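Here, each number is a calculation from the coordinates, and none is a lab measurement. These numbers come from a predicted model, not from an experiment. Don't worry about glycine lacking a Cβ; one is built from the backbone with ideal geometry, like all the others, and counts go over all protein chains shown.
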Amino acid sequence: MFDDYVEHAATATGSVVHGAGAPPIRYEGFEPSPYDQQNARENELGGSDDQRAGPTKVLAPIFDLGRVQYSLPAPLVSLVVASDVLAMGLSSNVIVLIELAHADQVVKVPIPRKPAEFSIYKLFMDPSGRHLIITSLEGENWYWFRGWKKPKQLKTFKMIIESVAWNKAALLSSSNLTSTREILIGARNGTIYEAILDAEEDFFKSYERHAITGINFDSFPSLDPKRALVVAITTSRIYQFTGALPRRSDEGGRVFATLFATYRETAPKISELPGNIRHSELHYYTPDGGQSQSLPKEIAWMTSPGIYHGSLNFQSTTDDFIDGAQLFQYPSFSVSPRHSDESPLPQFPISMALTEFHLVLLYSDRIAAVSILDESLAYEEVLPLKYGETVRALTADPVRKTYWVYTDQSLFELIVGNEDRDVWKINLQKENFDVALKYAKTAEQRDLIFSSHAHALLNAKRYFPAAQTFARCSVPFEDVVLKFLDVNERDALRSYLMLRLEQTRKSDLTQRMMLATWLVEFYLSKCDELDDLIASSSALYDVENVKIERSIFEEDVRRFLESHKDDLEPDTIYELIQSHGRTDMYLFYATLIGHSERVVEHWILDEDWVKAVDTTSRQSNLELYYQFGPVLMRNAPRETVDSWIRQSSLDPLRLVPALLQFQLAPRDPLSPNQATRYLNHVIFEQSNTSSTLHNLESSDDDGPLLRFLATAPVDPLTGKPYYDLDYALRLCSESGRVQPCVHIYSQMGLWESSVDLALEKGDLELAKLNADKPEDDPHLRKKLWLKIAKFVVQDKKDIKMAMRFLESTDLLKIEDILPFFPDFVVIDDFKDEIANALESYSAQIESLKIEMDDATRSAESMKEYITGLKNRFITVDAGEKCSVCSFAILTRQFYVFPCHHTFHADCLVGLTKEYLPAHALRRLLTLQDEIVKGKATLLDRSDGILIDNGAVIRQSGIQRTPNFAVTAQNGHRQANSIGRNLLSAGDRLRDLIMPDALVTVITSPAGWIPGIGGGQRNVLAETDTGKRLEKLRSELEDILASACPLCESVIAGLEKPFTKVESDTTWEV
């Protein structure tokens, strides 16, 4: 805003270029502080903090006055700024309006009055910059609204206006509001007016009058919307009016009448500062001036004794809303260049402005700023005035926080920047550490504040807050530690160490380890102190409270170990804990960091076997199971096995030493064998097939051992159990375990040995049980039962028992055991059994006869059925065609199938050979060879014999059967070739079959030869060779005509490809 038109004056007095600053702060461990001791801090406070800005950097001043490059067409009388709208009243009765956002657009609004008739006195602009009131020394007032080309005269209102209290909440809440709503106007004649100006209605009203010279009001929007505070001033008094408003200000009409009516009989809050000042001003500072609902924070009143300043407390329960009021004396200055030694310096300022931390004072020759915090002169600059130039006033934009100085000839902008630069230092000197920290901007400033605060807390014996504050600054670690040790505050030191540990970086391993280890020592020492207090049982304190404190503290120790276990060195911590005798902490820390081995060793040394097993079960390191398995198995076998069973990831083979030691050690015979229980779990539930584990299975009783031997899993490849049968047999034999030995013999297939051993021990039932086991060998079973029978008859010598024995098996009869009876046995003892046996034999004979008769009848029925099949026929049409060649079927010998497919004989042979399996093809080739050879032999025998009406004629074979002989010889040679190459032909079997030769064979009778009559044919057919050929031809027909080849090919062709891959290339892509 206006920057292009501002020419800044020289650097303000007091701005100094400082030297090098303090070294940078680093929080890496226990490094020394960049500041020495308290003396260095005091020197730092005594000097300027600007020294930390660097050796070459010049800090920008807080206040900077610059001349605005704008030529005034006439002397400037009054100036106001609000919401970036600047209004200047010139002596020529022209109002110049400039919107600072568009400084190149200047609007001039003339007042239609001559300078001799109308002299502008003051301008009053509302916070929104839309409403402007112009008052004159003649008491004539004008009103201008944004957008108007000329102002309007307020004809009914004749007075010289000294101050106006705008309705800020209403004006800033809406941008389209044309009314000012309720405002308060203070006149020179000591009258106060309530008025409303409306740009559309030209409405102007006035009501109550109260003596006042400056005025402002605010409502309480966030607290009580119907309550308002009105502050009015004169040159010597300040009044505070507060009360409820009858309605909202946006409803129009009278608003403040009720508020002022309450003070007709009671006086408001009045503060008086008498003096002889001619001009007084009232200023507010509102942090969020652009917000309609914001409330002012500070108030300043320019009086004769000085500047009356305080903060506004809208929550006050009294009638005084100004807190912390104090009077600032006007500063004294050196002689101004414009004043001669005889001319006095200005006593009172012409005008003033209020910022957040300063009071800006405007004098006739200079401008100055006084710090609100420490009343020091923060800024002073002589105004660069021209000869004869008169300073008018200082005005401020309450919304944009801009400040302007104007004279009758010039306009200046006072730029306020970095105003809170020294706030932290001033509050630090006052020991307002929280406020100082709020305004600190650099790490060095915050570090200095924390350091000073920590020393102050330490001096005040507030050790825990001091420890927390020391941890946030860079005071040397060793200095802080010594300070707390000197006052014997180990608890506060522990708090400090904890905070420093949290602030130390993860990469600083050594520092973190030292801090954490030292804290562990502090914690353990504190626990010892509490234990001593409890043990002493003194009446000076409550033992129960100490016990509660100890439990809480021990829980803190555990939480510390949990959160900082990575910062501790285990061996060192173990030594510390053991030196303090804290067994519970030792076990907790070992469990925390996963050193379960130490915990288990501790419980084993204490012979607390259950806790040792429980600790082993709760951790995941399987090595501890193997390491402590033997000792735990000896002392707590049941609990140990339970833990083993729960941990399914264990390798049972690595537990064998513990199992062996347990089995070899003496134990209570009445207690169950825990080793056997674990082995059963591993073998049957985990399906472990290790022969080592199976061989370890044992029991003191035969019952469990027999159950294991009977139910033990077997190898599916060998069918034998996984345990070593020989080893098991040796162990059982050495311990005299008969029944297990018998079972093992049976597992080994030594049935006779198992039965003999059972009989040797007199266990008849066990012998019977094993005698029935070889189910696939009836002869062996009978032999075993005979052994048992012999034992019963000869050793028991009990005839009735022997008879009952026969009832237990179907393999033996009475005659089988008779040879075992002695010669002197009387038959009367078992004559009933013999009679029953004879009756049984008779019944079996009758049953066999019946079965034989049934078989005979079945054979007769089958013969009749076969005979009937020979007479079966199918009707064939004369035009029927072959299913292969599609020629007439009756042209040559043919075959008809039940499915009504018809084939010529040669077509049938060619089609059938494509679908016959390999074994049928080989048989077909064999039959073909034998039939051809038989035909040749029969032909040789009949050479030269012709029978024609009983006459025998001899001719050469070639002349009688030229065609058949050649065919037969060729077939004979081919058959011989086939016979020689049959085994090596392989896949060429089908190529070796000759359909023409086979057709010739199967279409002619066995004894028929071309050119020979029927009598000779019958003679040849009745020979042995002819009968044999007829049998071979019949078998050949059975192979070829056993099924329809077309129907059969549907099934046989499913596994064949559509094309021959080796020859067909039409499918290639």
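Observations
- In this calculation the C-beta distance from I270 to S173 is compared with R0 = 25 Å, giving a FRET efficiency of 0.20.
- Per-residue ³J(HN,Hα) for region 96-112, Karplus 6.51 cos²θ - 1.76 cosθ + 1.60, θ = phi - 60°, Hz, x for Gly and Pro: 9, 10, 10, 8, 5, 6, 10, 5, 7, 9, 10, 10, 10, 10, x, 9, x
- If you take all other residues with their beta carbon under 9 Å from the beta carbon of F357, and give Lys and Arg +1 and Asp and Glu -1, the sum is -4.
- Taking amide hydrogens as placed 1.01 Å from N in the peptide plane, the amide H of S83 sits under 5 Å from those of V399, R400, each at least 5 positions away in sequence or on another chain.
- Net dipole in debye of region 53-180 [+1 Lys, Arg Cβ; -1 Asp, Glu Cβ; about Cα centre; nearest 20]: 300
- Point-to-point label distance, E138-K226, nm (Cα→Cβ direction, 7 Å offset): 4.6
- Whole-Hz couplings from phi, Karplus 6.51/-1.76/1.60, listed for region 474-480; x for Gly and Pro: 9, 4, x, 4, 5, 5, 5
- Placed amide H near E162: partners under 5 Å, 5+ positions off or other chain: G186, A187, R188
- Full extension of the chain between L706 and R990 yields a length gain of 95.9 nm, computed as 0.36 nm times the residue separation minus the alpha carbon distance.
- Gained length - K863 relative to S334, 0.36 nm times residue gap less alpha-carbon distance: 174.7 nm
- With a simple spin-label model that places each label point 7 Å from the Cα along the Cα-to-Cβ direction, the separation between K761 and E734 comes to 1.8 nm.
- Computed from the C-beta positions of T390 and Q503 and an R0 of 51 Å, the FRET efficiency is 0.25 to the nearest 0.05.
- Charge context of R113, other residues only, Cβ under 11 angstrom, K/R +1, D/E -1: -2
- With Cα atoms defining each centre, region 96-158 and region 613-642 are spaced 100 Å apart in the structure.
- The simple spin-label model puts a point 7 Å past each Cα toward its Cβ; for E1030 and T318 those points are separated by 15.4 nm.
- In this structure, the amide hydrogen of R366, modeled 1.01 Å from its nitrogen in the peptide plane, lies closer than 5 angstrom to those of L383, counting only residues at least 5 positions away or on a different chain.
- Integer Hz, Karplus 6.51/-1.76/1.60 couplings in order for region 169-175, x for Gly and Pro: 4, 6, 6, 8, 7, 9, 8
- Calculated FRET value between L717 and E685, using beta carbons and R₀ = 22 Å, to 0.05: 0.45
- Gap separating the Cα centres of region 434-474 and region 482-542, nearest whole Å: 22
- Total formal charge among the other residues, if their Cβ is under 12 angstrom from that of S376, Lys/Arg +1 and Asp/Glu -1: -3
- Under the combined filter of DSSP loop state and at most 10 neighbouring Cβ atoms within 10 Å, region 579-651 retains these GluC sites (Glu not before Pro): E607.
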